[in-house]
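The values are calculated or read from the model by the stated rules, or taken from the named source; none is laboratory data. Owing to the predicted nature of the structure, the values given are computational and were not obtained by experimental measurement. Positions of Cβ are backbone-derived with ideal geometry, glycine not excepted, and every protein chain shown enters the neighbour counts. Ligands, DNA and RNA are stripped out before the accessible areas are found, and what is left, the full protein with its side chains, is counted by its heavy atoms. Shrake-Rupley method; radii C 1.70, N 1.55, O 1.52, S 1.80 Å.
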Amino acid sequence: MISLQRIFALSLAGLILWNCESKTPPMEYMPDMADSPAREAQEADSNFPNNTSLRLPPVGAVPQGYFPYEYAGWTQSLDALPNKGLANPIKGDLATLQKGEIKYQTYCSPCHGVRGQGNGTVVGPAPRLNMAQSDGSPMAALTSASAKGYSDGQIYHIITEGKGAMKSYASQVPSEDRWKIILYVRKLQEYDNRTAGK
C-alpha cells in the first residue's frame, strides 16, 4: 500500500515537472505576491498614513552623491568658523583652473569683475550703476587684502551661504565647481600681487 507521504511527494514532483515543461504560464498560488497592484506617480493610496503612493525617505536619509554642508546656517563671523571652514579637496591642475575660470566668468565676474577687482559689468565702474553692498561699502574686490586673508573654506562659505549683498550660489554652482572657482580666485590674487607695483 502506498503511503500518504509518497503520494504527496509524487504529486508535488509531477506538479513541478508539469510547470517546468508546460507552454502555459505556471500556476500561481499567491498571486498578490507576484502581481502587486501598481500605483501611478502621485496617486492617492489610503493604505498609507500620508494617503499617497509616494514613499517618504527615512529621517536623516541623504541622497546619493549629496554631501551636506556642515556649516549651513552659520550666522557668526567668518573668523569664528571652526578651522576657518573646510579645506579645499580639489588639486589645482590646468584643467581644474580652466573649469574654475569658466565658472567664475559665468557666475562671479558680473559683480566682482573679470580680474576680481569689484568692477563687474553689473556694478561699475562709477558712474554707471555704482552698486554698493547693503552697508554702503563698494562691491567686494576679490584682490583686496581682506579677501586675500580669507581661507579657502571661508570663501567657500561665502559662495555657499552668501554674505552682504551677495546671495547664496549653492543652487547654481555645484560644490565641486565652487572649489574650482576658489582655486581660480587664488590665481587672480597671485596675479594681482605680481602686478601691484606696475
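Could you list, in sequence order, all residues of region 150-166 that are under 17 Å from the mean Cα position of the chain (by Cα) and open to solvent by 30 Å² or more (accessible area, probe 1.4 Å)?
Glu161
Quickly run through region 86-114 and pick out the residues that are touching a helix residue (DSSP H, G or I) at 6+ places or on another chain (Cβ under 6 Å), modelled with pLDDT of 90 or more and in a loop (DSSP other than H, G, I, E, B).
Passing the criteria: Leu86, Asn88, Ile90.
Write out, first by first residue and then by second, each pair whose Cβ atoms fall under 8 Å of each other, whose residues are 6+ apart or on separate chains, and whose first residue, in region 51-70, is farther than 30 Å from Leu81 by Cβ while the second is aliphatic (A, V, I, L, M).
Asn51/Ala44; Thr52/Ala44; Ser53/Ala41; Ser53/Ala44; Leu54/Ala41
Regarding region 128-148, can at least one residue be identified that is touching a strand residue (DSSP E or B) at 6+ places or on another chain (Cβ under 7 Å), at pLDDT below 95, farther than 28 Å from Asp93 by Cβ and open to solvent by 50 Å² or more (accessible area, probe 1.4 Å)?
yes
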